[in-house]
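For reference, the structure discussed in these notes is given below.
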Amino acid sequence: MAFLVKGKTKFKSKIYIESMSSSLKVSFSPKKEQVTAIKEWLIEENHLFAEEDFNGFFCNWNVIQSLFEKQQMAVVLLDRVPIGFAVWFDSSDFTATIDIVEIHHKYRGMGYGKILIDHLIEYFRRRGIVAIDLQCAPVSSKTYWKSLGFTEFEDNPRINKDCYKLLIPINENYPQDNDLDEVIEIWDIDFYSADNSPPKWSWAVKFIHGTNNLLVPIILPGHYDWRIRWKKDGNILIDQKVKYFGKDEIWYAGYIILRSLKI
């Protein structure tokens, strides 16, 4: 979908908004009248900027209304007046996609967008979401999202997204020339095309003592047809497409999420 939070942040925000202003609040249970007020200023914005390349998100009102009804909406309230909002949807049990973010045009460049996103990220973490993503429209908003710690997806025709952010610590990959006793390797191409190519990523496998659970999970934006291989002491334990790897699902709406290993 699309996103708009224009302007540079003028101050650093904190997750707990009360430390900055008692009149500012981020609500994850907006009331119907607050959503109606947002609709009114979206209509106003649509008219004010009708001649510009981008004139707001009133054209996506059906999407906004639907996600509000599904309780997938947060609003920024200044003196109880809604000045911004975000809507999202859960793309899997562990991933979410931010669909639309907008701050009222009179309040942009004041840091309210960052405050909203900080609260949204904390909300996702509490729910067990490990990765979030979005598409950037207008394209110029990509710089803004990067300033908030989002990473641009690598150019791959199988990944139809712009930026993502991982919300938990992950296992860092190692250079190919490292001599690892137990390793997970992944290619960013399909299984059969990878026969004559070295893996693009390698991770050292470390388990929580006495379990099959990884000490730190492996999370990577990827595709279910990519090749994944598990090796131990030079022996191949599993060499398969991501979608067939192991007994548990590891591909979640555009992410390879590996939390445990077993034959």
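The values are calculated or read from the model by the stated rules, or taken from the named source; none is laboratory data. Only a predicted model underlies this, so the values are computations on that prediction, with no experimental measurement involved. Every residue, glycine as well, gets a Cβ built from its backbone with ideal geometry; the counts of neighbours run over all protein chains shown. Only protein heavy atoms, including side chains, enter the accessible area calculation; ligands, DNA and RNA are left aside. Shrake-Rupley method; radii C 1.70, N 1.55, O 1.52, S 1.80 Å.
Could you look through segment 64-74, keep only residues that are closer than 20 Å to CYS136 by Cα and in contact (Cβ under 8 Å) with a residue 24 or more places away in the chain, and pick out the one that is surrounded by the most Cβ atoms within 10 Å (Cβ to Cβ)?
Only one residue tops the list, namely MET73.
Is it the case that some residue within segment 45-63 is more than 19 Å from GLY113 (Cβ to Cβ), more than 24 Å from the chain's Cα centre (by Cα) and open to solvent by less than 50 Å² (accessible area, probe 1.4 Å)?
There is at least one residue in segment 45-63 that is more than 19 Å from GLY113 (Cβ to Cβ), more than 24 Å from the chain's Cα centre (by Cα) and open to solvent by less than 50 Å² (accessible area, probe 1.4 Å).
Report, ordered by the first and then the second residue, all pairs with beta carbons closer than 6 Å, sequence separation of six or more or different chains, a first member in segment 243-257 that is in contact (Cβ under 8 Å) with a residue 12 or more places away in the chain, and a second member that is open to solvent by less than 20 Å² (accessible area, probe 1.4 Å) and polar (S, T, N, Q).
These pairs meet every condition: TYR252/THR95; ALA253/THR95; TYR255/THR95.
Can you say whether VAL81 is open to solvent by 40 Å² or more (accessible area, probe 1.4 Å) and in contact (Cβ under 8 Å) with a residue 60 or more places away in the chain, as far as the supplied structure shows?
Values: open to solvent by 40 Å² or more (accessible area, probe 1.4 Å): yes; in contact (Cβ under 8 Å) with a residue 60 or more places away in the chain: no.
For VAL81, the condition - open to solvent by 40 Å² or more (accessible area, probe 1.4 Å) and in contact (Cβ under 8 Å) with a residue 60 or more places away in the chain - is not met.
Would you be able to tell me the number of residues in segment 120-144 that are more than 14 Å from the chain's Cα centre (by Cα) and either open to solvent by less than 20 Å² (accessible area, probe 1.4 Å) or not basic (Lys, Arg) (or both)?
7
Do you know which of the residues in segment 31-44 that are more than 13 Å from HIS105 (Cβ to Cβ) and among the hydrophobic types (A, V, I, L, M, F, W, C) is farthest from the chain's Cα centre (by Cα)?
ALA37
Quick check on this structure: which one of GLY111, GLY128, GLY149 is at positive phi and either in contact with a strand residue (DSSP E or B) (Cβ under 9 Å, 6 or more places away or on another chain) or not small (Gly, Ala, Ser) (or both)?
Every option except GLY149 fails the conditions.
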